[in-house]
Structures are given as C-alpha cells and as structure tokens.
C-alpha cells in the first residue's frame, strides 16, 4: 500500500464503486462527499427502486456502502468539499474543508464522481406549468410518493386515476441547449408507470414520447412488461401544453401514429426530466482545472475507448459527471476510473 | 362518413361508414366481446407502431386500410375507433396474415378475425353488407358440404378461360365422368359427400353456432338452411 491515497470526489453510485475498487486493489482511498450521507442522487432524491430491476434503492446502494466501510484503508469524509488542488499526477495535494476544519490530503490520483442533477422543469420551453399546477410533478417527485407508498394528487390528496408521463423534458432540445438524450428517463418513466399500475390497478397510465430509448435488455426488462403486462399506453407525440380544466389537467399534443390531434384530461402529469451536470460537477471542474464540454459535463479527453481520462493527467472522471448515464454505466466507469487511478499512482511510486 | 339522405341531410344519424351510429355502451359491449375472446391475448402483445405489418399488407396498398391502426386501436382499447373499424376496416383485410411478421409477435389479422366474428355474431350492418354477395356460396357449402359446384359454371362467365368453357358447360356430366376419381362424377356438388359426413357437418354447424351466425346476417338464408338440415336430421332420427 502506497503512502498516498486515491481521492474520490462524490459518494454516489459511481464514487462508491470507484472507492470500493481502489480499496479492493489494496490502496488507500479517501471518499469526499459534500452531503451528510452517501448514496448520491438516488438517495437524495428519494428513489424507491432502481431501473431496470426494481430493487430497493436504499438496499442496493446501502450494500455497497457497507462493503466499502468494511474494507481496510478507507476514509470517508462527509459534509466535506474540495477547496483547491496543488501538484501534479502522482503527487497531488487536495485541500478540503469539512466539519473538522481544513486539511490537506496527499493524493496520487483523483476520481471525480460528482454526478448530475435533474433538469429544472421550470426552464422547459413548452408550457407544462410545473411551478403553477400542483398536479404536474417530475419523475423524482413521483418516485418519492412511490417510496412512501402514497401516490396522490398533490392538489387534493386523492388517488389519481389517469396519469401521463411526458418524455424528453429538458433533453434533446436545441431551444434549451440540452441537445443530448438523457438516456435513463425512458426506463425510469416506464419503471414508475409499472409501479403506479401495480399500486393503483384501476388507473390508466400513458407515456407520451418522441421515441422510446430502451436500449439493450431494458427492452424486455421494462418496456415490454410495461406495455404487455401492465397495459401502460405509449403514445408517440409530445405534449405542447398543459391547461387546467376545473380540477383536471388538459393535455394537448398530437397522436402522431394515429394521425390526429389529441386533447385528453389527466389527474396527474409526470415530467420525465433529463440530466444536467450537478452544481458540484460544474464547480469541481473549475477547482481542479479540468475541461467541461459545452453542456457543462466533464470532458472526456480521449474518446471513445478511453472513457474516464480528463484533460488533466492524473484526474479521472466517472458516472454522470461525464454526461447522462444509467447506474450500470456509473458502476462500470467508477470501477474503470479507480483501476486507472491506482495504476497511475503505482507507476508514479515505482518511478520514485 | 355517411352519405347525406333525405331523412338525414346533415349526416347526424349516420356516422360510421354510412351505418347508423349506436350508443357508446353498445360499442363498449362489442369491444368487450373482442377483448374477452380467448385468442385475443395471444394475438396482441404490445405495439411498436413501427408499420412493418402495413408494409407487408397487400390490402394496405389498395385501400385506406392499416393493420397497424387495428392493432393500435385494440391495444389502446379505443372503443370508438374499434367500432368504426368493425363497421369498415376489418372487411378490407384479405386474411392473408402477412402481418404475422410483427417483431412483437402480434397477429393483426387474427384480431381482425375476432372482430369479424363479433361483427357477424351481433349482426352488424357492415357484416351483412360484406357477406351479401356470398349467400349462394354459403348456401352451397352449408347445405351440401362442398363449395362451388360445377353446375354453377356459366358458359359466358369467364371469357378468359377460353372457348372450351361453353362446351364443358353444355356436356357437364360427361366431362365430370371423365375425371379419374369417382367422387368427382358430380354436377350439383363439388364432389360426392357421404350421408354420414353431411349429417356430421350439420351437427357441427348447429352446435358451434355457425347457423346462428348466418341468422344474424341473412334471415332468409338461415330459414332455408334450417329447414334443409332439420328435415335431414329428422330422417336420421336425431333430435335438434
């Protein structure tokens, strides 16, 4: 074990996997998390279950945390933020501030896993009225209701019988500037649709989409069961606006494959908000002096086969800090970044 | 859309394919019958709305007909649209089942089979109209157990069949006797049907409700067939 640590910044799924992997490879690791708890956005945003397997988020992520805590050479600093960085690859000094004051950490390499945040639907260019209509909610709002086992219309506490999801809110939109697909929303919306149909068997659930992006096994794990077993209705056509009609919501769009305009009443509308770089990701890029792409995510320096190198030698990135990513992506790049960081640190030690 | 008539100048009564509109409750009843059919579940999984069935469909090239729309309407349980399709679209399908190439394993043609049966069983106007031209053939099949018979051949029916048709028609019995299988030495039926087979067919048509279906679309034809069958079955000492 070298005297230096790998510093992992961010305690979500990617950071947890990175830190665990460093420790499993026999090196010291310091995990820095600005929140008071580990688990990242799935835990902070009250995700009930994970896509696509519908396992409990708390249990699945809790298992990695427990594993990490039990490994030698692991230091976990919560409520801690990185203030500055000195040195170079193999010999960094990371200055952090936390509950115990400021301190410097000697780091051979760094893994940035500062993640994403949900797109703020107040910024959408359509007229969905997220901040205007209580019954217009976002994916994570419904997720919290599912976790509580209490899916109700926020306006009156009644059980919603007609619910629709609107896909690509804040994604694939030149007007907004987020030209990318956020990758996970089709799966997450379909997963939540299944959970709603299970919780409210006499409900009707619709998903309005541009095109469904259920790549790989998500097709048969999520999409087909949602349609075939749970009778979720997928309608190709994006809603342009939502209007309040008495105590319901009138949803206007086009049913494109049927070739007709569509105006339907809903009890609740769920906006499938996409991913944007978290505030932490934007900030850390400046602190560490690494490049961001035009959307603010950490830039991959050497694509496509090197998925974790940043513009600065010795600093790797993983997870949704790099751009929209599902949990499998996050775990994979977390492990990859850890392996690359450990390899670099050992080379530096060997070179003296 | 319906046609304007003297009694319905603004097409208020008619709405679907020229047929009178019915209350939503009645449409729902018909759709429920379609969905309740035991075949329905394996004829329709989920629809990508990809259109491969339309691309494969011969009817779609000649009519404003789309097996995709049939599958979609059924998947969405769109009662109004399914009713409209039962009055119109489903009769434009040739039941060739080219649509079976669906990547999801759907069978739009099969859904149409079920919808047609429901349309016939409930005596929908479209079913009567669609089957109108077939009463002679239905009569032939159900009363004799064979299809088109040689004596239905008209000398001038198919000029493109050539001049021999007139001669064959004139000496039909002789020509039929020239055929090697003895069972084909018939003129009033397509082939010889054993008495026992005919009795079994009558019983099948009675028991399966096929005769009741005929009653829904053509009462006159049903009356004739019922008489023929009952008489034959009584001769055999079978109580109906």
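Bear in mind that the values in this text are calculations on the coordinates, not laboratory data. Quick caveat: nothing in here was measured; it's all calculated off a predicted structure. When we count neighbours, we look across all protein chains shown, and the Cβ atoms used for this are built from the backbone with ideal geometry, even at glycine.
Starting with the fewest neighbours, write out B:175, B:191 ranked by other beta-carbon atoms found within 10 Å of each beta-carbon. Before the final figure, lay out each step's value.
On the way: B:175 15, B:191 18.
Neighbour counts put them in this order, fewest first: B:175, B:191.
What whole-number distance in Å separates the alpha-carbon centres of region B:185-240 and region A:108-166?
65
Can you divide the C-alpha Rg of the protein assembly as shown by 2.2 N^0.38 Å and report the result to two decimal places?
On the way: Rg = 34.8 Å, N = 592, 2.2 N^0.38 = 24.9 Å.
Relative to the rule-of-thumb radius for its length, the protein assembly as shown sits at 1.40.
Using helices alone, what [θ] at 222 nm do you get for the protein assembly as shown, with -39,500 (n - 2.57) per DSSP H run of 4 or more residues, divided over all residues and rounded to the nearest 500?
Details: 20 runs with 212 residues, N = 592.
My calculation for the protein assembly as shown gives -10500 deg cm²/dmol from helical runs alone.
Evaluate the relative contact order of chain B (contact order divided by residue number), counting alpha-carbon pairs under 8 angstrom at least 6 apart; express in whole percent. Provide the component values of the computation, followed by the final result.
On the way: 287 pairs, mean separation 36.2, N = 240.
After rounding, I find 15 percent.
Provide the gained length on full extension for the span residue B:192 to residue B:104, in nm with one decimal, where the gain is 0.36 nm per separating residue minus the Cα-Cα distance.
Details: separation 88, 0.36 × 88 = 31.68 nm, distance 4.45 nm.
Computed gain between residue B:192 and residue B:104 is 27.2 nm.
Relative to the longest principal axis of chain A, what angle (0 to 90°, nearest 10) does the C-alpha long axis of helix A:279-288 take?
That works out to roughly 20 degrees.
Mind checking the full-extension length gain between residue B:179 and residue B:129? Use 0.36 nm per residue of separation minus the Cα-Cα distance, one decimal, nm.
On the way: separation 50, 0.36 × 50 = 18.00 nm, distance 3.76 nm.
Here the answer is 14.2 nm.
Taking each residue of B:47-55 in turn, how many C-beta atoms of other protein chains fall within 10 Å of its C-beta, and what is the average? Show your work: numbers first, answer last.
Numbers: counts 4, 6, 6, 1, 1, 0, 0, 0, 0.
Counting other chains' Cβ atoms within 10 Å and averaging over B:47-55 gives 2.
Just the projected area, averaged over all directions, of the convex hull on the alpha carbon atoms of chain B: how many nm²?
On the way: hull surface 70.9 nm².
The Cα convex hull of chain B, projected and averaged over all directions, gives 17.7 nm².
Once label points are set 7 Å from the Cα along Cα→Cβ at both residue A:350 and residue A:220, what is their separation, rounded to one decimal in nm?
4.3
Between residue A:93 and residue B:170, with labels modelled 7 Å along Cα→Cβ, what's the label distance in nm to one decimal, could you check?
12.0
Describe numerically, in nm with one decimal, the distance between label points set 7 Å from Cα along Cα→Cβ at residue A:144 and at residue A:229.
Taking the simple label geometry, residue A:144 and residue A:229 are separated by 2.9 nm.
Across region B:133-235, what fraction of all alpha-carbon pairs, as a whole percent, falls in each successive 10 Å bin from zero upward?
Over region B:133-235, the share of Cα pairs per 10 Å bin runs 14, 38, 28, 18, 1 percent.
I'd like the orientation of helix A:139-148 relative to chain A: the angle between its Cα long axis and the longest Cα principal axis, in ° from 0 to 90, rounded to 10.
Long axis of A:139-148 versus the principal axis of chain A: about 90 degrees.
Give the relative contact order (percent, whole number) for region A:62-130; include only Cα pairs under 8 Å separated by 6+ residues. List each step's numbers first, then the result.
Numbers: 64 pairs, mean separation 12.7, N = 69.
Across region A:62-130, relative contact order equals 18 percent.
Compute the helix-to-body angle for A:185-199: its Cα long axis versus the longest principal axis of chain A, expressed 0 to 90° and rounded to tens.
Approximately 60 degrees, to the nearest ten.
Please report the spacing between the Cα centers of region A:255-290 and region B:13-73 in Å, no decimals.
Answer, in whole Å: 35.
Quote the Stokes-Einstein diffusion coefficient, in whole µm² s⁻¹, for region A:141-280, based on the Kirkwood radius over alpha carbon pairs, a temperature of 10 °C and a viscosity of 1.306 mPa s.
On the way: Rh = 15.6 Å.
It diffuses with D of about 102 µm²/s by this estimate.
Explain nothing, just the number: relative contact order of region A:119-274, from Cα pairs under 8 Å at least 6 residues apart, as a whole percent.
Numbers: 308 pairs, mean separation 49.0, N = 156.
Relative contact order here is 31 percent.
What FRET efficiency would be calculated for the residue pair residue B:96, residue A:53, taking the C-beta separation as r and a Förster radius of 56 Å, to the nearest 0.05? Intermediate values should be presented prior to the final figure.
Values: r = 41 Å, r/R0 = 0.74.
After rounding to 0.05, the efficiency reads 0.85.
Subtracting the Cα-Cα distance from 0.36 nm times the residue separation, let me have the gained length for residue A:131 to residue A:262 in nm, one decimal.
Working: separation 131, 0.36 × 131 = 47.16 nm, distance 2.37 nm.
Residue separation times 0.36 nm, minus the Cα-Cα distance, leaves 44.8 nm.
Where the eigenvalues come from the Cα gyration tensor of region A:76-122, what are the semi-axes √(5λ) of the equivalent ellipsoid, largest first, in whole Å? Please report the intermediate quantities before stating the final value.
Details: eigenvalues 127, 48, 15 Å².
Computed over region A:76-122, the values are 25, 16, 9 Å.
Does anything in region A:178-204 have its amide N under 11 Å from the 7 Å Cα→Cβ label point of residue B:41, and if so which residues?
none
Per residue of A:225-238, what is the mean number of Cβ atoms on other protein chains within 10 angstrom of that residue's Cβ? Mind dumping the intermediate values first?
On the way: counts 1, 1, 6, 8, 2, 0, 4, 1, 6, 6, 3, 2, 0, 0.
Partner-chain Cβ atoms within 10 Å, mean over residues of A:225-238: 3.
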